[in-house]
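Okay, structure first, notes after.
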Amino acid sequence: MALEEPIIEARAVEKFFAQPDGHRIQVIAPIDLAIYPNQIVALLGASGCGKSTLLRILTGLALPSAGQVLWHGKPFDGQIPNVSIVFQSFALFPWLTVLDNVEAPLKARGVRAIERHKRALRILDTVGLDGFEAAYPKELSGGMKQRVGVARALVVEPELLFMDEPFSALDVLTAENLRGELLELWLSKKMSTRAIFLVTHNIEEAMVLADRIIVLDRNPATVRADFEVQLAQPRDRRAPRFIELMDYIYKILTQPKREHKPPVPETTPVVSGESPPGKYQMLPHARPGGMAGLLEILLNRQGRDDLSHLADELVMEVDDLLPIIETAALLNFARLHEGAVEITAEGRTFAEADIQTRKLLFRDAALRHASLLRHIEHALKAKSDHTLSEDFFRDVLDEHFSEEEVQRQLRTAIHWGRYAEIFDYDADHKRLYLTEP
Amino acid sequence: MTKPIFGRVILPERTWPFFIDLLIFGAGLALFYGLLVIAQTWFGPFRPAAEISQRPQALPAYAANSLLRMLIAYALSLLFTLVYGYIAAYSAKAERIMIPLLDVLQSIPVLSFLPGVMLAMVALFPRSQLGVELGSILLIFTGQVWNMTFSFYASLKSIPQELREVARVSRFSWWQRFTQLELPYAAIGLVWNSMMSVAGGWFFLMACEMFVLGQRDFRLPGLGSYLQAAASAGDTTAILWGVGTMIGLIVLLDQLIWRPVIAWAEKFKFEQVESAMAPRSAVLNLLRRSAVVADVNRTVFRPLTERVGLYFARPIEGPKPPQSLPAWRRWTLRVLALTLVVATGYGLARAGLMVAGLNAAEIAEIVRGAGATFMRVMIALCIGAAWTIPVGVAIGLSPRLARVAQPLAQIAASVPATALFPVVLLVLIQTGGGLGIGSVLLMLLGTQWYILFNVIAGAMAIPTDLKEATSIAGLGTVDRWRLLILPGIFPYLVTGLVTAAGGAWNASIVAEYFHFKDQILMTTGLGATISQATDQGNFDLLLGATIVMSTMVVTINRLVWRRLYRLAETRFKLET
């Protein structure tokens, strides 16, 4: 790692939500992280893993629950340090012209009109936006908008440039083009920024741009890997070392961390009103239909395929693909092995079955392997009228997940439950019903 | 300073800079003179019985008077909105009290306070005309401020997280955040709510201007009093002149103020893609081309905002902002809160004592009145809904019909119902109808438009694919209404009915009790009880009846309308 002094350093920074009962929901486990000059650092992880939160903690926008962020060795004094952020949604002010948007941060720093104007025009020229000064953001294409976002970020000559999924909202070609331009600016030292911190869920993007990649695991966010990409720029995506590293990252992202995985109890009858057993595993947010599609594809490929190959071919990003694979793995329809996914005997039966049989197979698998669904079924069966309020399960889940995650868990559980005809949900009364056989 | 010229120069189709500039200059001068004249009368001595002329020549002055009252009330409302909305949005503690309070205030029928407020203001300024003027302004203010405040508060609360973060990372000062983020983001909501508020304001203004209490004549020189005087005298020509001026004024305001403002506010729309149908305004184009406006903008406005902006801006390597003084501020707040609680308690106790002094007959009158007014409001709503739903759906589903009918309906709706009360009464008396039925008609007059416009909007919002699906499915008329149209317009209908109900309660104050041609027309009702109690100086009864009315309206809001709203938002929302 570089010998220089870090620009920003996070020491044992963590984020959690304390529950009224003293229970904690950990979003980010204690993390140490330092950003050194002359590097593009990519923070890689699936969506909802806490990487954006980490970015906000580093910039001073959000406060960590514990730990400390040091800016040149000193803690923040309430003032946001000299950094900029490029946002996924561009976050431009639609009522300001391109020029006014870029001038806004200078205005905030008390730069006078003439100077402001000069600097804004210069930076707009750098990002290739000359001629668009008087346009409003809504007149621009997505790529142009993000150029404005970059110009606004660079105009204050930030010491550290943060980018939060900057190319995710753009189409593939535009994103590729902007990545190239960013790299060009960076390598030719046309920006005075000393380091870039890029948050992304796109493995290839990280591989193309970054000098150093930090892979984050979720629930709670922990650093799974932190390594330097010692490949010369521009990088050849077909180079063996490039492909090797890509596979390595896929492997990290898909390997379950056993030490965090709770043991799945075989049968634990639960009666409503009693406290539930242990921890739930997190349901991956995928639909049964998506999983069925994946299994069919695997069947056509002799039952096995590389993850990076699959993602590439389906033009899907890890974010979209992982939950589907995790669902198949959870239900024991597929197995993850060394960055490859392999269909199991059960998965084969499922993929070859007709619609009604699939439902039955899904039902069996879900009740056997997904503790939340099993718990819901038991609880409903235990009640004489076979119905329970959604809030009951919400309360139970509250002890295990953050509020948003509870919402997502329930939605996924309800979706699976409906598909498998285990239980149904009445949206008007917010109640779950056991499906009558 | 040289400004570079940017690429998008718009070539105007026609330019009359000289003419326009002269026009703008002249208008400014005339406005200033008018303000001077009106100020003279306002600060002049109080005239117990206003002489209201019926000559058409008096109309411009009356219209100017009415307009100025509206303007001041609106300016007050805007100021209140910005301050109240800002505090409620940013102080979590204050929010918990301020928002429920706002909700109660907005559902109380303002006109029930008209008699009380007028008396209080006249007592406050016994020697000058200012008291009555302030009273009317205060009432218009309370009639129009709440929805604006709500809109501003809701806008502030819904500013996207990332825009806020941009402001923070860019180190915006509060002033820059206010002018470049918060105000622009809230602009569209503020503009539309301002329009609605001002339209509602006319309703209250007319009621205030023609206000007479027993022997005391609080009439203010204005369009409302002119119309009332004309109707009292049965002077048809004067009535026509008055109504014409009223409509003219409203159309003029729409063309000269609201349309340009809406077209201008278009740029604040929070959208990332340009919409094809942007509102336009010829007046705004004129102003944009005017050399005078451009000059003023360049030499006065721009340097001024630059100065203010730089004043608030923080230098790059600035010292830390000084810590605020938490100790004395906390104490001031505590003292303030305590005073508020004590004052409220005292007021409540006194009010309780006063109401406790009501005798059985008076209580019976209030209860009977409450029942009668409630029935009238319901009947007015039913009649309104009965004709507006089919008509509104027909207009909403047929673009051809909408093009003709909508502007007409807008003009008809823009005339404040209170302005027409005297005229309608005149007709009622001549045809021998009583105020019992007449007051329903008067309520209907003011409230049916809310339902109509909402139904039209609802019918227009029904997605084409759903319409096509029902046609393909070959549904009959009944099924079409049951499965498509009624569920489709339901959320809009609820909104319309809520607004209409509020308007109807308000109207009952002026509709059930009326001074007309030196006689008093009245019928049984809570509104009549309130007006009559004030007339006779029976403050116990006035207070009791006002409390009953406010409580009823707030309770109905909570029990009925809010539930329907929730239903509309969950089940009948058309999500795309």
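Where a number appears in this text, it was derived from the coordinates with a stated rule and is not lab data. What you see is a predicted model, and the numbers here were worked out from it, not measured in a lab. Here the Cβ positions follow ideal geometry from the backbone for every residue, glycine too, while neighbour counts run over all protein chains shown.
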Exercise. How far apart, in nm, are two points set 7 Å out from the Cα along the Cα-to-Cβ line at residue A:312 and at residue B:536?
Worked result: 9.3 nm
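Can you say what percent of the DSSP beta bridges in the stretch A:8-254, counting only those with both residues inside, are antiparallel? Round to 5.
Bridges in the stretch A:8-254 that DSSP calls antiparallel: roughly 50 percent.
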Exercise. Sequence-distant or interchain residues sharing an amide H contact under 5 Å with residue A:425, placed H: which?
Worked result: A:433
Problem set entry | Reachable aspartates and glutamates, given that their alpha-carbon falls under 20 Å from the alpha-carbon of residue B:467 and they are not under 8 places away in the same chain | B:479, B:575
Exercise. Hey, got the Cα dimensions of the stretch B:93-197 along the principal axes, in Å, largest first?
Worked result: 56, 29, 27
Exercise. Between residue A:305 and residues 5 or more places away or on another chain, which pairs have amide H atoms under 5 Å apart, with H built 1.01 Å from N, and which residues are they?
Worked result: A:341
Problem set entry | Total formal charge among the other residues, if their Cβ is under 12 angstrom from that of residue A:128, Lys/Arg +1 and Asp/Glu -1 | -2
Exercise. Within a Cβ distance under 9 Å of residue B:533, other residues only, what is the Lys/Arg minus Asp/Glu net charge?
Worked result: -3
For this session: Please find the FRET efficiency linking residue A:386 to residue B:486, where r is the Cβ-Cβ separation and R0 is fixed at 35 Å, and quote it to the nearest 0.05.
Result: 0.55
For this session: Could you calculate, for the protein assembly as shown, the ratio of the Cα radius of gyration to the Kirkwood radius, expressed as Rg to Rh?
Result: 1.01
Exercise. Using alpha-carbon pairs under 8 Å, 6+ residues apart, how would you state the relative contact order of chain A in percent?
Worked result: 15 percent
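Express in nm, to one decimal, how much length is gained between residue B:298 and residue B:339 on full extension, taking 0.36 nm for each residue of separation and deducting their alpha carbon distance.
The residue B:298-residue B:339 span can extend by a further 9.9 nm.
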For this session: Return the Cα extents of the stretch B:353-576 along principal axes one, two and three, sorted largest first, each rounded to a whole Å.
Result: 66, 40, 25
For this session: If a/c stays under 1.5 just call it rounded; otherwise compare a/b with b/c (prolate if a/b is bigger, oblate if not). Do that for chain A, with a ≥ b ≥ c from the square roots of the Cα gyration tensor eigenvalues.
Result: prolate
Seminar exercise, completed: Taking every DSSP bridge whose two residues both lie in chain A, the antiparallel percent to the nearest 5 is 65 percent
Problem set entry | Peptide A:332-340 - average C-beta neighbours from other chains (10 Å radius) | 0
For this session: Only Lys, Arg, Asp and Glu count, each charged at its Cβ (+1, +1, -1, -1), so figure out the dipole size of the protein assembly as shown about its Cα centre, rounded to 20 debye.
Result: 2420 debye
For this session: Label the stretch A:322-421 by shape, choosing from rounded, prolate and oblate, from the square roots a ≥ b ≥ c of the eigenvalues of the Cα gyration tensor; if a/c is under 1.5 it is rounded, and otherwise prolate applies when a/b is larger than b/c, oblate when it is not.
Result: oblate
For this session: Tell me which residues come under 5 Å, amide H to amide H, from residue A:36 once H is placed; ignore anything under 5 positions away on its chain.
Result: A:7
Seminar exercise, completed: Taking a ≥ b ≥ c as the square roots of the eigenvalues of the Cα gyration tensor, with a/c under 1.5 meaning rounded and otherwise prolate when a/b exceeds b/c and oblate if not, the stretch A:8-254 is oblate
Exercise. In this model, which of A:359/A:381; A:118/A:138; A:359/A:430; A:381/A:430; A:74/A:107 are farther than 22 Å apart at the alpha-carbon?
Worked result: A:118/A:138; A:359/A:430; A:74/A:107
For this session: Grab the beta carbon distance between residue B:101 and residue A:304, set R0 = 45 Å, and tell me the FRET efficiency rounded to 0.05.
Result: 0.10
